[in-house]
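Since every read-out is calculated from the coordinates, none of them should be taken as a lab result. These figures come from a predicted structure and were not determined experimentally. Don't worry about glycine lacking a Cβ; one is built from the backbone with ideal geometry, like all the others, and counts go over all protein chains shown.
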4 protein chains.
Amino acid sequence: MIVKFKKNVKDIQIKHLQDVLNHQNYKTTFIDGDIYKLLVVIGDTSSLETKRLTVYDFVEDVINIQKPYKESLKQEKRKVNVGNVTFNDDNIVLIAGPCSIENDQSLDLLSSQLVKHHTHIIRGGAFKPRTSPYSFQGIGEKGLHILKEINRKYKVPVISEITDVRDIDLFVKYVDIIQVGARNMQNYVLLEELGKINKPILLKRGFVNTIEELLLSAEYILANGNKDVILCERGIRTFENQTRNTLDISAVPVLKKLTNLPVIVDPSHAAGHWEYIESLSLAAIAAGADGLMIEVHENPEFALSDGQQSLKPEKYFNLVEKIKKIAIAIDKKI
Amino acid sequence: MIVKFKKNVKDIQIKHLQDVLNHQNYKTTFIDGDIYKLLVVIGDTSSLETKRLTVYDFVEDVINIQKPYKESLKQEKRKVNVGNVTFNDDNIVLIAGPCSIENDQSLDLLSSQLVKHHTHIIRGGAFKPRTSPYSFQGIGEKGLHILKEINRKYKVPVISEITDVRDIDLFVKYVDIIQVGARNMQNYVLLEELGKINKPILLKRGFVNTIEELLLSAEYILANGNKDVILCERGIRTFENQTRNTLDISAVPVLKKLTNLPVIVDPSHAAGHWEYIESLSLAAIAAGADGLMIEVHENPEFALSDGQQSLKPEKYFNLVEKIKKIAIAIDKKI
Amino acid sequence: MIVKFKKNVKDIQIKHLQDVLNHQNYKTTFIDGDIYKLLVVIGDTSSLETKRLTVYDFVEDVINIQKPYKESLKQEKRKVNVGNVTFNDDNIVLIAGPCSIENDQSLDLLSSQLVKHHTHIIRGGAFKPRTSPYSFQGIGEKGLHILKEINRKYKVPVISEITDVRDIDLFVKYVDIIQVGARNMQNYVLLEELGKINKPILLKRGFVNTIEELLLSAEYILANGNKDVILCERGIRTFENQTRNTLDISAVPVLKKLTNLPVIVDPSHAAGHWEYIESLSLAAIAAGADGLMIEVHENPEFALSDGQQSLKPEKYFNLVEKIKKIAIAIDKKI
Amino acid sequence: MIVKFKKNVKDIQIKHLQDVLNHQNYKTTFIDGDIYKLLVVIGDTSSLETKRLTVYDFVEDVINIQKPYKESLKQEKRKVNVGNVTFNDDNIVLIAGPCSIENDQSLDLLSSQLVKHHTHIIRGGAFKPRTSPYSFQGIGEKGLHILKEINRKYKVPVISEITDVRDIDLFVKYVDIIQVGARNMQNYVLLEELGKINKPILLKRGFVNTIEELLLSAEYILANGNKDVILCERGIRTFENQTRNTLDISAVPVLKKLTNLPVIVDPSHAAGHWEYIESLSLAAIAAGADGLMIEVHENPEFALSDGQQSLKPEKYFNLVEKIKKIAIAIDKKI
């Protein structure tokens, strides 16, 4: 941590601050620069509210040198295993399925096709967090039962989104990966509880959250003991409105640099329109993502949610073929 | 709802869409414009996923005419009563106190001064949602007990932030207003449950949420039966970094136009630094806000959270005098 | 400047960088912290491309301590005089007039009323920068002639926006303040030339520019010799779309802290709709702005540009009365 | 255009607006919906200031159906030829070179290597628009001479950025493509003049501009007669600060859908750091971009500008090999 003093700071004030910090077991080095006077503070400041030092009239600014996140950085290069599927740096994992589960027949029919076309994991929403209280909110627990059936019948892992901390037991019982949606990325109560269970978590970046905040949310899970976290970039809110959100493709290499956790991309929510999903999917794989989560629906024009951003099955299968070619070009398996 | 067709749409396709919509009991009027062909769809489309119609190859866009929110608009001009304090259009309500409750003596000492200086409601955080799992997280339930004591001793309503849906009973017992923080503005499970109780709710705008989303979150509470909702603007995330967030001062007149709910402003979180709180407070009152929520701390340089954005008591009392002058200038009471 | 090394940095690499910097006449202090190794670089780094040091494989980050702007900071507390009008900390200056000058009669009629109602400066656009090439682009040089007539007849300073560096002589001849619009805030060629003339400049913040960038653009003018710069906040682009832009009200106290230049606010462009102008105007004055620039039009429903954000004269006169009350409340003159 | 009335609109008011619009030769259809009353306005409203109708007390909103841009849409599928290089849908064009030209030897040495490694066009800045007046501003006209020499010696087209409308003749004489930088995307005076010459223009998207605004800026050039416009996505300003800007990868398929103009990507300015350029380059090609513009510098640690985002030659050559593999995977030539 660097404390930058105002020009008119007095020696006694610098001394006072040094005493306060030394008292808290920090070492300090004073730098009397040509332009600024600085105090370099040595020691672990991660739990210190450093910015509060700007309350002192003679402090102009406090600059944090230390990154606030820890856990995700110190991991060894590692894999997340979900049933027979492994997320690691060498392969591409495809997750696909409808935004919302509507009934057992439709999900069964769709899943039977998806598993034949290189889809590794089936997704389906049971509890839907919706901006409007008047929108379709999902079929609830029944949806999880249907997913479990799909898992049994096709030997394929399933994933669904949790919205209520009181539902954790239910999800542990029925799904193979628990998804934390963008709106709950900073629901710390939920994250802490998910850190205490033994089930992989797919943590989606909030549409307004920085990469640093995503890593700190991941640490809420990791620091509580659950080491199986998969990160998912799904677009951020910007001023551009031709797409629902702006896919932050740079997040892929940045997250790959800052952490060893698997990183996947959800092009459906980022684009908000099916026409752009192919481009974004291929871009994500080329950028180094470990997988994709794509919304597919048999009849998107009648989907109960997110129809406009769902691919029809044949379009999805066509996309899978293109993904395979890109994967080969960058020496990855699918 | 307006459906805008692509240039090459065929009559049979328009007819098909009309049939689909008529079947769902919507009336349609076809407009054969010089430049575009349109279908005007009449009826309540608030529960229709209108955008999914863009899945049709021949549809270029779907434009919603109807606003998605309802409840907050249809309210009569009305007040929210909290103990002996009333939020309405004629007066200014001041809420003040520390970011986090640290212990009973310090809150008691501070509260005794605040109530003497026109502060109507005492705030204090017990459960703190923090970006980092390594930051101070509040003293928990004990904090609520301390608040209740303040309420009894000084006959002043108290407010604290809820972070866990499982804590609702606790909050109902101990506080007079339950605050929903920015990060939980779209925690719909929490909002729904808060809609079922009989206790005023202070709903803060998420730092990345639109005004429309704030109103829809308010409707989650209103539509479930709880009609005592107070809205709070507290700054949004933008590219500007001289302040922690950018106070959206325009939200005050916009919310006043779109709803009859009380609207207050939190200048502390918006500014992120105590030096700017005075300007923002006076601006908020001049813009028409019904009140302010301000962080005050006896020794901000040792505060366990948000010290840099807390006012020292004497600065706050000085600000209150200025607020009174602005209130007089715009014919409001304090 | 602080250089933060990667964990695996070698002594020889640190030594190499020290040599390079010493060779450029910078003093360096090495800090061997518990967690990070740092190099504190002492000396004026304002012309150094500091970030390029991250090209070194062993450098994790470079942190600038020094602010990049200079001129605006080092000014004495000072005034900008425009004819008989003075911008300083004690009074409020009102600038009003139509977005575009349409013809001489309409501007004359409007101006005759404005000057009777405390308007200190008349504005009017002659050359209009428009997003679409098909929109009305202003009446050009003729508009400047009309403004000059208003100036002569009513003894009131006039202001208009410049869009072409080749028009500077024209503007010097006809107007009392030259306005640089938001889209030209980073047109450095224009700024440099305006720095060489002897005429006050109103520099509007670009709708996507930071406060720091605004100050650096001001320095392009100041550093070239023209010391009469007035800054104008007019809203920034955010995700919120209930208003055309988001008025960054915090920019007023921030700019007041960082500089001694006069700071005014344009609520018309920020709001984008006449209904919000009153609230934003009063907020700006309460926040400490030195003046306002407001669009007024006799018949906004037929205005050739920006009709929706123009006040009708009677609404403007009513607003002026309210501004006067706020001015009194904060001990300013108007 | 759709006019949406307020609930309490009177018939006489609707009639009045219809008369006004009919008088301007627009046809109107009145829709008396269950929830809203609407007026559908038929005819070309592209030059109408539609939003000003909200000035009427009885109008709630005006919704534009018509897109504001025209030219770029109505083009035939087409190519832009620059010397022996063609931008079209079948191939990838690589533009590379230093941010700033520093002297003739260094550019000659670098260019001799670049042309051997599939680089089709050499870039180099002569006039640099810099945020700070104290930064290196380029070597000016001399830089253009050096570029012309490179063009003659290696038979390779060259590109440089224009910053002053008064320099157009100079650029026409010395370079093969004139680049309009992000900060000048809305410098309409410059765009209009560039529309009158016969030289390809590379138009970079402003870092705060929407795709719609980019297309409207392109129309300033196209509508004035110059049909050779290449669009360039280079990142937009968002709240994320791990990268200099956020590359809007979705802009590639969106621009490809809305226009027939070539679309390239500049990963250097988007990333702001050389480590991310490879990922973003491969992503851009996979997403469908027609080319890339990449900053390459022999000694980035001593570059006079943008060193941190420049690739060293060997890293660039390595990247070119990977680009070739992606190009093959999506059936394009390089």
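Listed by chain and number, the aspartates and glutamates placed with their C-alpha closer than 15 angstrom to that of D:LYS128 are C:GLU49, C:GLU192, D:GLU102, D:GLU141, D:GLU161, D:ASP164, D:ASP167, D:GLU295, D:ASP306; residues fewer than eight positions away on the same chain are left out.
Sequence-ordered 3J(HN,Hα) estimates for the stretch B:78-92 from the Karplus curve with 6.51, -1.76 and 1.60 and θ = phi - 60° stand at 8, 10, 10, 9, 10, x, 8, 9, 10, 8, 8, 7, 9, 9, 10 Hz, glycine and proline given as x.
Mean 1/r over all different Cα pairs, inverted: what Kirkwood radius does the stretch D:114-203 give, in Å? Before the final figure, lay out each step's value.
Values: mean 1/r = 0.0734 Å⁻¹.
Evaluated over the stretch D:114-203, this radius sits at 13.6 Å.
Within the stretch C:198-334, DSSP assigns beta bridges of which about 10% are antiparallel (rounded to the nearest 5).
In percent, what relative contact order does chain A have, based on Cα pairs under 8 Å that are 6 or more apart in sequence? If you can, show how the numbers build up before the last one.
On the way: 657 pairs, mean separation 51.3, N = 334.
The normalised contact order for chain A reaches 15 percent.
For C:VAL296, the residues whose modelled amide H falls within less than 5 Å of its own, excluding neighbours fewer than 5 places apart on the same chain, are C:GLY97, C:CYS99, C:LEU311.
How big is the charge dipole of the protein assembly as shown about its Cα centre, in debye rounded to the nearest 20, if each Lys and Arg gets +1 on its Cβ and each Asp and Glu gets -1 on its Cβ?
Here the protein assembly as shown has a charge dipole of around 0 debye.
Of all the options A:SER268, A:SER217, A:SER132, the one that moves most in a Gaussian network model of chain A with Cα springs shorter than 10 angstrom is A:SER132. Whole angstrom only: what separates the Cα centroid of the stretch C:272-317 from the Cα centroid of the stretch A:307-334? Their Cα centres are 53 Å away from one another. Extending 7 Å from the Cα toward the beta-carbon at both D:ASN25 and D:GLU60 defines two label points whose distance is 3.3 nm.
Most mobile of B:ILE63, B:ILE101, B:ILE201 per a Gaussian network model of chain B (Cα springs, under 10 Å)? Fluctuation is largest for B:ILE63.
Mean per-residue shielding of peptide A:132-145 is 4, counting Cβ atoms of other chains within 10 Å of each Cβ. Cross-link pairs exceeding 28 Å in C-alpha to C-alpha distance, out of B:LYS196/B:LYS324; A:LYS333/D:LYS116; C:LYS27/C:LYS227; A:LYS142/A:LYS199, comprise B:LYS196/B:LYS324; A:LYS333/D:LYS116; C:LYS27/C:LYS227.
How much net charge surrounds C:PRO157 when only other residues with a Cβ under 14 Å from its Cβ are counted (Lys, Arg +1; Asp, Glu -1)? Walk me through the numbers on the way to the answer.
Details: positive: C:ARG123, C:LYS148, C:ARG152, C:LYS153, C:LYS155, C:LYS199; negative: C:GLU149, C:ASP176, C:ASP228.
Once positives and negatives cancel, what remains is +3.
Working note: 222 nm ellipticity from helices only, DSSP H runs with n ≥ 4, each -39,500 (n - 2.57), summed and divided by the residues of chain B, gives -10000 deg cm²/dmol to the nearest 500. Label the protein assembly as shown by shape, choosing from rounded, prolate and oblate, from the square roots a ≥ b ≥ c of the eigenvalues of the Cα gyration tensor; if a/c is under 1.5 it is rounded, and otherwise prolate applies when a/b is larger than b/c, oblate when it is not. It comes out rounded by the Cα gyration axes. Counting only residues at least eight positions apart within a chain, or on another chain, the aspartates and glutamates with an alpha carbon under 15 Å from that of D:LYS332 are D:ASP89, D:ASP90, D:ASP290, D:GLU321. Report, to the nearest 10°, how far helix D:104-116 tilts away from the longest principal axis of the Cα atoms in chain D, using its own Cα long axis and a range of 0 to 90°. So the helix axis and the longest Cα principal axis differ by about 80 degrees.
For the stretch D:71-329, with only Lys/Arg (+1) and Asp/Glu (-1) charged at the beta-carbon, what is the dipole magnitude about the Cα centre, in debye rounded to 20? Walk me through the intermediate numbers first.
Details: 31 positive and 33 negative charges, 90 e Å.
In total the dipole reaches around 440 debye.
Placing pseudo-labels 7 Å out from each Cα toward the beta carbon at C:SER106 and B:ARG78 gives an inter-label distance of 4.6 nm. Label-to-label distances for B:ASN84 across copies, nearest first, come out at 5.5, 7.3, 9.1 nm, using points 7 Å from Cα in the beta-carbon direction. Charge dipole (Cα centre; +1 on Lys/Arg Cβ, -1 on Asp/Glu Cβ; no other charges) of the stretch C:35-171 amounts to roughly 380 debye. Rounded to the nearest 10 degrees, the inclination of helix C:313-329 to the longest alpha-carbon principal axis of chain C is 50 degrees.
Classify the stretch D:269-334 as rounded, prolate or oblate from the Cα gyration tensor: take a ≥ b ≥ c as the square roots of its eigenvalues, call it rounded if a/c is under 1.5, otherwise prolate when a/b beats b/c and oblate if not. In terms of gyration-tensor shape, prolate. Working from Cα pairs under 8 Å separated by at least six residues, relative contact order for the stretch C:1-137 is 20 percent.
Summarised as an ellipsoid, the stretch D:16-57 has semi-axes of 18, 13, 10 Å, derived from the eigenvalues of the Cα gyration tensor scaled by 5 and square-rooted, with the largest first. Inter-part distance, the stretch A:109-126 to the stretch B:189-237, computed on C-alpha centroids, equals 37 Å.
Annotation for D:ARG152, label-to-label distances across the other copies: 5.5, 8.2, 9.4 nm (shortest first, one decimal, point 7 Å from Cα along Cα→Cβ). Listed values for the stretch A:94-101 are Karplus-derived 3J(HN,Hα) couplings in whole Hz (6.51 cos²θ - 1.76 cosθ + 1.60, θ = phi - 60°), namely 9, 10, 8, x, x, 4, 10, 6, and x replaces Gly and Pro.
The local environment of B:PRO129, defined by Cβ-Cβ distances under 9 Å, has a net charge of +2 under the rule Lys, Arg +1 and Asp, Glu -1. For the residues A:HIS16, A:HIS117, A:HIS145, a GNM of chain A with alpha-carbon springs under 10 Å puts the largest fluctuation on A:HIS16. From the Cα gyration tensor of the stretch C:71-329, with a ≥ b ≥ c the square roots of its eigenvalues, which class applies: rounded if a/c is under 1.5, or else prolate if a/b is larger than b/c, or else oblate? Taking the square roots of the gyration eigenvalues as a ≥ b ≥ c, the stretch C:71-329 is rounded.
Once the Cα atoms are used to define both axes, helix D:141-154 deviates from the longest principal axis of chain D by about 70 degrees.
With its label point put 7 Å out from Cα toward Cβ, D:VAL172 sits 2.8, 7.6, 7.9 nm from the same residue's point in the other copies, in order from shortest. Once both labels are positioned 7 Å from their Cα atoms along Cα-to-Cβ, the gap between C:ASP32 and A:LYS116 label points is 6.8 nm.
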